[in-house]
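Below is one structure, written out as structure tokens; the observations come after it.
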Amino acid sequence: ILVKTLDSRLFEELSSRWEFGSGPDPHCCWLNFRVQFKFRNPLYNELSGLFKDEVTKTMIGAFEGRCRQLYGAPSAPRAHPGHAA
């Protein structure tokens with residue numbers, strides 16, 4: 001799933017990509033999430049570096065929370081083999 005902001009006064013570029021792949025068993029999947037952004041204001045770009053990890057963690061946490069509500073507890077470890085947790 002690719003999401004792009006096409007018309008924004010705040011961002012010059014804003015996109016996120018959600019890639020789903022087969023998991024270790026038929027009842028789970030791997031998820032790779034990437035976000036890329038650039039503010040129109042150079043000062044905002046400098047400051048955003050301080051918060052990007054927290055924003056990303058919040059987005060992933062919300063996604064995982066909704067998955068738990070709909071499907072129950074995870075059936076596989078959180079990190080994909082070969083990737084950092």
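Data for the structure
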{"read-out": "Amide proton proximity set for C28, modelled H, under 5 Å, gap of 5+", "value": "G23"}
{"read-out": "All-pairs alpha carbon distance profile, the chain, 10 Å steps from 0, percent", "value": "14, 41, 29, 15, 2"}
{"read-out": "Alpha carbon centroid spacing (whole Å) that separates region 2-24 from region 25-53", "value": "9 Å"}
{"read-out": "D7 paired with S75, simple spin-label distance in nm, labels 7 Å along Cα-to-beta-carbon", "value": "4.4 nm"}
{"read-out": "Area of R66 that stays accessible when all protein chains are in place (1.4 Å probe, Å², to 10)", "value": "130 Å²"}
{"read-out": "Contour excess over end-to-end distance, with Cα ends at C28 and V55 and 0.36 nm allotted per residue", "value": "7.2 nm"}
{"read-out": "FRET E, pair F63, K38, Förster distance 22 Å, beta-carbon r, rounded to 0.05", "value": "0.45"}
{"read-out": "HN-Hα J in Hz across region 50-67 - Karplus 6.51, -1.76, 1.60, θ = phi - 60°, x for Gly and Pro", "value": "6, 10, 4, 5, 5, 5, 4, 4, 5, 5, 5, x, 5, 5, 5, x, 5, 4"}
{"read-out": "Solvent-accessible area of E64 with every protein chain in place, 1.4 Å probe, in Å² to the nearest 10", "value": "50 Å²"}
{"read-out": "Helical mean residue ellipticity (222 nm; -39500 (n - 2.57) per DSSP H run of 4+; nearest 500) of the chain", "value": "-10000 deg cm²/dmol"}
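The values are calculated or read from the model by the stated rules, or taken from the named source; none is laboratory data. Predicted model only: the values in this text are computed from it and were never measured. Cβ sites come from the backbone with ideal geometry, for glycine too, and all protein chains shown count toward neighbours. Quick note on the areas: whole protein, heavy atoms, side chains included, nothing else; ligands and nucleic acids left out. Shrake-Rupley method; radii C 1.70, N 1.55, O 1.52, S 1.80 Å.
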